[in-house]
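The next block holds one structure in the form of structure tokens; read it before the comments.
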Amino acid sequence: MQIGNLYLVPNTLGSDNRAAQLHHVIPAENLRLIAKIKYWIVEDAKTSRAFLNAVHEIEPLHHSLQEMVMQEWRGPDRKHALSLKPEELLAPIQAGHDVGLLSEAGVPGVADPGAEIVQAAHQCGAKVKPLVGPSSILLGLMASGLNGQRFQFNGYLPVEAAERSKKLKELEENSRRHRETQIWIETPYRNTAMLQSCLSSLSPQTRLCVAIDLTLNSEWVWTGSTESWRKRYTKPEALSDLVKNRPAIFLMLA
């Protein structure tokens, strides 16, 4: 029996007017492929159905949502991760069916669970097919004007203020030594604390970029020296109004 394919399916970076966003960020041919898939590995079945409903507004689904088989996977390091192993989730592939691995936002396996599923797919001989879609990390790097030849993604930084400041200074030194752009993300409700730490911890001439709501109508990106950030946003509430509870990517080059 021929083995199925694993499609790595990107999602929009926001949930408002998702069908309109899909038109903007995912090629039509990829939407046609997505519409054919019956078997899915997802982080959350409810939000994944909302995504597929939006796809259906553009490209009619080949299977109803009731017919689709959705298995939830939150990664091995997530609390309350389900007990199914990656190879068990890929059973439909072994039976000859294509499977879609869907991210909650952006692309699977990049700052997102999914790498273990992809590794298991390679091990069972399936073809892994990444589909084009929005990655906030790359979009932020493109828009930053910082070094795109050498860069490092660092995931989330420490939550505690002193440890966060220490890590920022460490990243700044690495950036200075290697001429390397440092990239990281934060939970939206902690964005204000992160930006305040950047402005208090980084050297005045270090360049900082914050990219917010990428691909959305409210998109905002600005790069400037730490000193220029301090001059532009002299009041703490101005910083908070800018970044609080909005998806953001932080980039820095010393």
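The values are calculated or read from the model by the stated rules, or taken from the named source; none is laboratory data. Computed from a prediction, not measured in an experiment: that's the story for all the values here. Every residue, glycine as well, gets a Cβ built from its backbone with ideal geometry; the counts of neighbours run over all protein chains shown. Areas reflect the complete protein model, heavy atoms only, side chains present, ligands, DNA and RNA absent. Shrake-Rupley method; radii C 1.70, N 1.55, O 1.52, S 1.80 Å.
Descriptive notes on the structure:
- Tally, over region 126-140, of residues that are touching a residue at least 24 places away in the same chain (Cβ under 8 Å) and either β-branched (V, I, T) or not in a loop (DSSP other than H, G, I, E, B) (or both): 9
- Within region 84-106, the residues that satisfy the criterion of being of a type in the set (A, V, I, L, M, F, W, C) and closer than 15 Å to W40 by Cα are L84, L89, L90, A91, I93, A95, V99, L101, L102.
- Among the residues of region 141-162, those that are open to solvent by 70 Å² or more (accessible area, probe 1.4 Å) and without any contact (Cβ under 8 Å) to a residue 12 or more places away in the chain comprise M142, Q149, E160.
- Residues of region 149-191 that are among the acidic types (D, E) and over 13 Å from I249 (Cβ atoms): E160, E163, E170, E172, E173, E180.
- Counting only helices (runs of 4 or more DSSP H) that sit wholly inside region 163-254, those with at least 1 residues that are crowded, with 16+ Cβ neighbours inside 10 Å, more than 25 Å from the chain's Cα centre (by Cα) and of a type in the set (A, V, I, L, M, F, W, C) are 226-232.
- Residues that are open to solvent by 50 Å² or more (accessible area, probe 1.4 Å) and among the hydroxyl-bearing types (S, T, Y) do occur in region 37-49, at least one of them.
- Of all residues in region 1-30 being free of Cβ contacts under 8 Å to residues at least 40 places away in the same chain, within 24 Å of S218 (Cβ to Cβ) and not polar (S, T, N, Q), the one that is surrounded by the most Cβ atoms within 10 Å (Cβ to Cβ): L22
- Of all positions in region 98-112, at least one carries a residue that is at positive phi, under 23 Å from the mean Cα position of the chain (by Cα) and open to solvent by 50 Å² or more (accessible area, probe 1.4 Å).
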